[in-house]
Amino acid sequence: MRRFQIAIVGGGPAGSSTALHLVRACGVDPQSVVVLDKQRHPRDKPCGGAVSTWGLEALAKIGLRDASRSRPMLGLSLVEGRERGTTRGSLGVIVRRDEFDAALLEASRRDGVEVRDGEGLVSLTSEPNGWTLGTTRETISAKIVCACDGAGSTVRKLLGLHEPARKGHLYVTDTPPMNADGPVLSGLCEFDFTPVAERVDGYYWDFPTPSPMGGDETWVNRGIYHANLSEARGRAVKASLARSLSARGLSIDDVTLRPFSTRPLVPDSVFMHRGVMLVGEAAGIDRSTGEGIAQAILYGEIAARHAARADVSGYDREVRASRVVRHLRQSAWLARHVYAPHGRAFRKLLLRSEHARDAGIRWYCGDALGGRAKVTLLGRLVFEAIRA
Ligand SMILES: Cc1cc2nc3c(=O)[nH]c(=O)nc-3n(C[C@H](O)[C@H](O)[C@H](O)COP(=O)(O)OP(=O)(O)OC[C@H]3O[C@@H](n4cnc5c(N)ncnc54)[C@H](O)[C@@H]3O)c2cc1C
């Protein structure tokens with residue numbers, strides 16, 4: 001049986017980030033690390049592909065500049081009904097997930113990590129000195145296991161962990177640009193809150209994306225995110241998406257739709273169980289946006305530090321106190337307010353105030369908002385609440 005020091009289950013952004021931080025930032029012998037992924041990369045991954053500068057900077061610190069095709073996110077356009085508020089600013093990039101994830105995994109492989117894609121985890125047994133992992137090909141052992149296996153995490157299931165009561169729901173598609181897509185093609189990312197009035201807890205989006213057919217053309221990645229905060233609303237999601245597409249000149253019957261779920265960070269999210277670290281979406285991602293790529297990269301940075309010490313007992317405490325998990329908690333709080341029936345003032349604030357959108361962009365990119373910025377936002381929120 002092959003023995004490794006560290007087994008990383010899942011080769012998405014969380015798994016690759018953990019492996020790359022282990023080798024490049026913590027000086028761990030790459031040959032002591034194995035990454036298992038049940039799919040062979042490049043693998044298909046339904047996604048909007050938005051990666052904030054927060055995640056890109058974490059990768060740049062370990063010498064990784066994204067080598068896959070991308071489009072810059074050059075601003076934010078927020079919409080609700082006829083109202084629109086636009087702010088320019090750099091938010092990050094939009095990538096094609098198959099290319100982005102494969103490039104990160106290939107970097108781990110080039111660094112000397114044993115990357116086994118096309119080999120899934122099927123069993124996990126606790127031993128006195130670590131874990132025995134049964135894969136679809138053989139049995140291996142490792143002292144430390146990192147669960148980086150995403151929304152449907154097999155490790156969580158094998159550990160007997162419960163799923164959150166409410167996962168987020170998304171539908172996504174890519175289309176060639178339509179006549180009205182000029183602002184999106186210029187780099188603006190559009191978030192449309194109109195579906196909130198149709199009982200969806202979320203937004204419809206249009207992002208510029210490299211064409212899924214390859215080449216230099218820019219397409220539009222579109223979809224709907226439903227944070228699924230209350231039972232009654234879920235059924236309306238697809239109908240609302242149909243209306244949003246129709247407003248852009250597209251028929252829902254003419255596009256290939258991909259339904260998917262996300263695991264949000266919730267108050268009782270678990271970050272470690274029986275000595276196994278949960279990393280990225282296996283732990284929980286952003287509830288207000290449904291996003292998790294940058295967050296997975298940031299979780300990976302923390303998990304690598306603990307795995308490298310061969311002592312993971314401090315992971316739970318550090319990750320809970322980390323900026324990324326505090327950010328995810330703030331996002332969960334925002335989701336409950338922005339998408340709620342009483343959330344009109346929050347949405348109007350974002351639509352009408354340049355200052356609020358600017359703060360939103362900085363927050364999205366990982367900046368902690370100072371006390372003065374928070375007081376200004378609160379004042380404007382109260383003003384919008386009175387107006388509403
Ligand atoms: C429609 C949609 C749109 C999205 N849009 C965005 C967006 O624009 N921006 C953003 O930041 N986030 C977005 N997200 C969320 C984002 O895709 C995830 O949060 C992110 O991929 C999490 O990274 P991860 O590495 O934790 O998990 P994943 O990327 O899911 O990687 C997990 C890996 O584990 C592997 N795996 C699973 N089971 C096993 C097993 N048994 N053995 C071995 N390997 C296994 C899988 O094959 C997979 O490669 C979107 C999600 C959806 C569904």
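The values are calculated or read from the model by the stated rules, or taken from the named source; none is laboratory data. Nothing here was measured: the structure is a model prediction, and the numbers come from that model. A quick note on method: Cβ atoms are made from the backbone with ideal geometry, for glycine too, and the neighbour counts reach across all protein chains shown.
Things worth noting here:
- Among residues that are part of a helix (DSSP H, G or I), farther than 28 Å from R199 by Cα and basic (K, R), R372 is included.
- Among residues of the range 141-155, those that are crowded, with 21+ Cβ neighbours inside 10 Å and either among the aromatic types (F, W, Y) or out of contact with any Asp or Glu (no Cβ under 7 Å at 6 or more places or on another chain) (or both), counted: 8
- Residues of the range 1-33 that are outside any loop (DSSP other than H, G, I, E, B), hydrophobic (A, V, I, L, M, F, W, C) and out of contact with any helix residue (DSSP H, G or I) (no Cβ under 9 Å at 6 or more places or on another chain): A7 alone.
- Sole exception among (1) modelled with pLDDT of 95 or more; (2) part of a loop (DSSP other than H, G, I, E, B); (3) not assigned by TED's automatic domain parsing to the domain that holds S16 for I361, by number: (2)
- Only one of the listed residues (P72, P46) is part of a strand (DSSP E or B), in contact (Cβ under 8 Å) with a residue 24 or more places away in the chain and either assigned by TED's automatic domain parsing to the domain that holds S141 or farther than 28 Å from L124 by Cβ (or both). That residue is P72.
- For the range 255-290, a residue qualifies if it is modelled with pLDDT under 95 and among the acidic types (D, E), and exactly one does: D268.
- Test: residue in the range 231-238 that is at pLDDT below 95, of a type in the set (D, E) and loosely packed, with under 15 Cβ neighbours inside 10 Å: yes
- Of residues in the range 96-123 being in a strand (DSSP E or B) and without any contact (Cβ under 8 Å) to a residue 60 or more places away in the chain, the one surrounded by the most Cβ atoms within 10 Å (Cβ to Cβ): V122
- Count - residues of the range 243-271 that are under 22 Å from E291 (Cα atoms) and touching a helix residue (DSSP H, G or I) at 6+ places or on another chain (Cβ under 6 Å): 4
- Being away from the ligand (no atom under 15 Å from the Cβ) and in the same structural domain as I8 (by TED's automatic domain parsing) holds for only one residue in S141, S108, and it is S141.
- Lone qualifier among P42, P72 - being out of contact with any strand residue (DSSP E or B) (no Cβ under 8 Å at 6 or more places or on another chain) and closer than 29 Å to N221 by Cα: P42
- Selection of the range 240-272 for residues being assigned to a helix (DSSP H, G or I) and of a type in the set (G, A, S) yields S240, A242, S244, S246, A247.
One line per residue, one yes/no per condition, for (1) more than 16 Å from the ligand (Cβ to nearest atom); (2) within 30 Å of G187 (Cα to Cα); (3) surrounded by fewer than 23 Cβ atoms within 10 Å (Cβ to Cβ):
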site	(1), (2), (3)
F4	no, no, yes
A14	no, yes, no
C26	yes, no, yes
D29	yes, no, yes
D37	no, no, no
K45	no, yes, yes
L56	no, yes, yes
L64	no, yes, yes
L74	no, yes, yes
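- The range 294-315 residues that are on the phi > 0 side of the Ramachandran plot, paired with ones that are away from the ligand (no atom under 14 Å from the Cβ) (beta carbon under 8 Å, 6 or more apart): A310/Q5; A310/K143; A310/I144
- Hits in the range 290-306 - residues which are in contact with a helix residue (DSSP H, G or I) (Cβ under 7 Å, 6 or more places away or on another chain) and either part of a loop (DSSP other than H, G, I, E, B) or acidic (D, E) (or both): G292, E301
- Check on D66, out of contact with any Pro (no Cβ under 9 Å at 6 or more places or on another chain), outside any strand (DSSP E or B), under 29 Å from A247 (Cα atoms) and at pLDDT below 95: no
- Filter result for A356 (among the small types (G, A, S), more than 17 Å from the chain's Cα centre (by Cα) and in a loop (DSSP other than H, G, I, E, B)): no
- Odd one out for S288, checked against (1) within 15 Å of the ligand (Cβ to nearest atom); (2) of a type in the set (S, T, Y); (3) in contact with an Asp or Glu (Cβ under 7 Å, 6 or more places away or on another chain): (3)
- Of all residues making up the range 1-28, the number that are under 21 Å from G275 (Cβ atoms) and either more than 20 Å from the chain's Cα centre (by Cα) or charged (D, E, K, R) (or both): 10
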